[in-house]
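Nothing in this text is a laboratory measurement; each read-out follows from the coordinates by a stated rule. For clarity, every value in this text was computed on a predicted model and none was experimentally measured. As a convention, Cβ positions derive from the backbone with ideal geometry for all residues, glycine included, and neighbour counts pool all protein chains shown.
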Amino acid sequence: DQQVKQNSPSLSVQEGRISILNCDYTNSMFDYFLWYKKYPAEGPTFLISISSIKDKNEDGRFTVFLNKSAKHLSLHIVPSQPGDSAVYFCAALAGGTSYGKLTFGQGTILTVHP
Amino acid sequence: IAGITQAPTSQILAAGRRMTLRCTQDMRHNAMYWYRQDLGLGLRLIHYSNTAGTTGKGEVPDGYSVSRANTDDFPLTLASAVPSQTSVYFCASSTGRGDTQYFGPGTRLTVL
């Protein structure tokens, strides 16, 4: 039972254009969401996060949008650069007894073409 | 450079053998985690430790054990490896529960 889903295994974008990565979740207890970026042969690195009390968080070229009613979040990268090519994982944290345990999506491979 | 180190980088192991994956962090983080990454499944939590001396089970704990004797080290042991444990294993740490987790470079394990 995949509680965090990234339904697009891959995304290809031209340099300078917008990249939009999507993520859906099913667990209503999730109250904090994160995006991680992973290059080959390296561990994931934290990119940006958003609390469930917000609907948008921005950091430079990266913006995360949260739609709680739809249980959907998305990561926008504008403008996309070739160095952004990596696997992007959506992750979620829940409160209560699950506090601190990250649940990850399957990942989306982003390729930005020069 | 501060961070998380994992050893070995990669390992090929015969089924039935015992194996310990090592993880050390120098950030004095209280919480540590072990994940496995499998194609199409993302990263799944195996075990975690909120502070030295305590451990807990994650999503896929069967076949694995951990210990947390001190703040810095969090080894993961496969008592009797099976082919389904072929995966890439990542150790992570965070200041506390719910805080941003920082990941090590991973260990690629192949069980034949």
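The value of relative contact order for the stretch A:3-114, using C-alpha pairs under 8 Å at least six residues apart, is 37 percent. Less than 5 angstrom separates the built amide H of A:A86 from those of A:L110, all sequence-distant by 5 or more or on a different chain. Of the residues B:M19, B:M32, A:M29, the one with the fewest other Cβ atoms within 10 Å heads the list, and the complete ranking is A:M29, B:M19, B:M32.
Give the average, rounded to an integer, of partner chain Cβ atoms located within 10 angstrom of each Cβ in B:30-41.
On the way: counts 0, 1, 0, 3, 0, 4, 0, 7, 1, 3, 4, 5.
Per-residue shielding by partner chains comes out at 2.
Put in order of Cβ neighbour count within 10 Å, fewest first, the listed residues B:C91, B:C23 become B:C23, B:C91. Backbone phi angles across the stretch A:2-16, fed through the Karplus curve with coefficients 6.51, -1.76 and 1.60 (θ = phi - 60°), yield HN-Hα couplings of 7, 7, 10, 10, 10, 7, 9, x, 8, 8, 10, 9, 7, 3, x Hz in residue order; Gly and Pro are listed as x. Partner shielding of B:43-49 amounts to 3, given as the average count of beta-carbon atoms from other chains within 10 Å of each residue beta-carbon. A Cβ-based charge dipole, computed about the Cα centre of the stretch B:45-112 with Lys and Arg at +1 and Asp and Glu at -1, lands at about 40 debye. Among B:G42, B:G63, B:G53, the residue with the largest mean-square fluctuation in a Gaussian network model of chain B, with springs joining Cα atoms closer than 10 Å, is B:G42.
Shielding value for A:78-88 is 0, the average number of Cβ atoms from other chains within 10 Å of each residue's Cβ. Could you list, in their original order, any pairs among A:K37/B:K57; A:K56/A:K101; A:K54/B:K57; A:K37/A:K101 whose Cα atoms are separated by more than 20 Å? Correct reply: A:K37/B:K57; A:K56/A:K101; A:K54/B:K57. The Cα center of the stretch A:32-59 and the Cα center of the stretch B:62-90 differ in position by 26 Å. Remark: relative contact order (the stretch B:1-108) = 35 percent; criterion is Cα-Cα distance under 8 angstrom and separation of 6 or more residues.
How many Å³ per residue does the convex hull of the Cα positions in chain B occupy? All intermediate terms of the calculation are to be shown ahead of the outcome.
Working: hull volume 10.2 nm³, N = 112.
Taking only Cα atoms, chain B has a hull volume of 91 Å³ per residue.
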